[in-house]
1. Put +1 on the Cβ of each Lys and Arg and -1 on the Cβ of each Asp and Glu in segment 157-294; which of 201, 274, 173 then has its Cα farthest toward the positive end of the dipole?
2. For segment 28-100 and segment 157-218, what is the separation of their Cα centres, given in Å?
3. Specify which residue in the list 153, 82, 13 is farthest towards the positive end of the charge dipole of segment 1-157, using unit charges on the beta carbon of Lys, Arg (+1) and Asp, Glu (-1), about the Cα centre.
4. Quantify how much of the Cα-Cα distance distribution of segment 65-156 extends past 20 Å, in percent.
5. Looking at the chain, do any whole DSSP H helices span at least 15 angstrom along their long axis by alpha carbon and average 0.0 or above on Kyte-Doolittle, and which?
6. Rounded, prolate or oblate: pick one for segment 137-294, where a ≥ b ≥ c are the square roots of the eigenvalues of its C-alpha gyration tensor, a/c under 1.5 means rounded, and failing that, prolate if a/b is larger than b/c, else oblate.
7. Using the crude model of +1 on Lys and Arg Cβ and -1 on Asp and Glu Cβ, and no other charge, please compute the dipole size for segment 20-139 relative to its Cα centre, in debye to 20.
8. Could you identify which residue out of 44, 135, 175 has the top mean-square fluctuation in a GNM of the chain using Cα springs shorter than 10 Å?
Amino acid sequence: MSLIPSRKIRTAHNLIVMCGLSVGLWYLSDWLWVLVNYTFQGASFPLIVAASAYLALQELWHKRNKLAKLIAPVQQRRLGDILILTGAVLFPLCRFAFWSQALLWLLILAGIALSSWGLEFFKKYPRPIFFILLSVHPTPDIIVGQLWTIITPHNTLEHFMAWMGSLALQAIGQSATATDIYIYLPTGGVEVGWGCSGFNMAFTIAATGLLLGLTLNQSWLKTLWLVILGVALAFIFNVPRIVLLTLAAVFWGEKSFEFWHGAWGGQIFSTLLFTAYYYLVMSIVNHRPLKSQT
């Protein structure tokens with residue numbers, strides 16, 4: 001007789017989890033649409049998001065036998081069920097913005113993990129949790145970029161990149177000057193907007209460095225170096241891109257500028273950047289310190 005209440009609890013829990021997963025299917029369609037649309041616009045970060053989601057699912061699948069042994073205490077299971085139901089009820093009411101949907105889906109995922117495996121899951125499996133956090137929203141780089149513009153002085157990066165671009169133009173013999181976020185040549189000038197600041201690519205490289213450091217089982221020190229060097233490389237590569245865009249706008253005509261400023265031009269620079277970063281990562285990962293001979 002004592003087994004009946006336990007079965008009822010498990011059945012109710014399974015129904016609540018299925019309710020949360022159904023919301024996930026609803027969210028998945030919008031998530032995929034934004035991801036594909038963002039990719040066709042020439043962005044690189046959707047690949048990071050897709051890779052993070054894959055790595056999270058892969059690791060959880062490989063750990064499925066260990067996860068099956070985790071049993072959530074009654075109080076934690078109840079709390080997790082409340083989180084799932086809260087997210088499921090609020091989700092249809094919060095379709096006004098994508099960030100709100102992503103936040104509620106993250107709440108549901110946390111509830112599923114808490115009610116199924118308890119707090120032990122969050123203590124033992126930080127890596128798949130990080131992958132989930134990185135992939136739950138299809139455009140985390142945009143969100144982080146918006147936060148950056150809020151907490152930093154106005155046009156900080158744009159001003160810096162305009163100054164660097166003008167110095168690079170001077171180095172190749174052009175009479176360039178930088179004023180605020182504008183680069184001027186004797187016959188014209190360009191505005192260095194947010195899209196040309198290099199922030200999105202730097203954030204993409206930083207996320208790539210984190211993913212590589214975690215998947216290649218590197219130490220936290222090496223992973224940190226992968227992130228720092230990747231960000232530095234992204235801003236270094238952004239300088240010749242600004243130079244090329246300035247020359248195209250001033251001397252080569254609108255069509256040339258649109259090409260290099262558009263998706264194709266962005267992908268060409270992204271390919272060059274990621275190729276250089278790949279060899280940099282491999283040199284760091286494969287580096288072995290010399291052993292002192294005695």
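The values are calculated or read from the model by the stated rules, or taken from the named source; none is laboratory data. Every value quoted in this text rests on a predicted model; they were computed, and no experiment measured them. As a convention, Cβ positions derive from the backbone with ideal geometry for all residues, glycine included, and neighbour counts pool all protein chains shown. Just the protein is used for accessible areas: all its heavy atoms, side chains included, with ligands, DNA and RNA removed. Shrake-Rupley method; radii C 1.70, N 1.55, O 1.52, S 1.80 Å.
1. So the residue furthest toward the plus end is 274.
2. 33
3. Final value for the positive-end residue is 13.
4. Percent of Cα pairs beyond 20 Å in segment 65-156: 49.
5. Working: long enough: 3-40 (54 Å, 0.73); 45-62 (26 Å, 1.06); 74-90 (24 Å, 0.79); 98-117 (28 Å, 1.55); 140-151 (17 Å, 1.28); 156-171 (23 Å, 0.65); 199-215 (24 Å, 1.54); 220-247 (41 Å, 1.89); 263-285 (31 Å, 1.21).
Answer set is 3-40, 45-62, 74-90, 98-117, 140-151, 156-171, 199-215, 220-247, 263-285.
6. Numbers: a/c = 2.17, a/b = 1.79, b/c = 1.22.
Prolate shape, in that a/c is at least 1.5 and a/b is the bigger ratio.
7. That gives segment 20-139 a dipole magnitude of about 460 debye.
8. Maximum fluctuation in the GNM of the chain, among the listed residues, is at 175.
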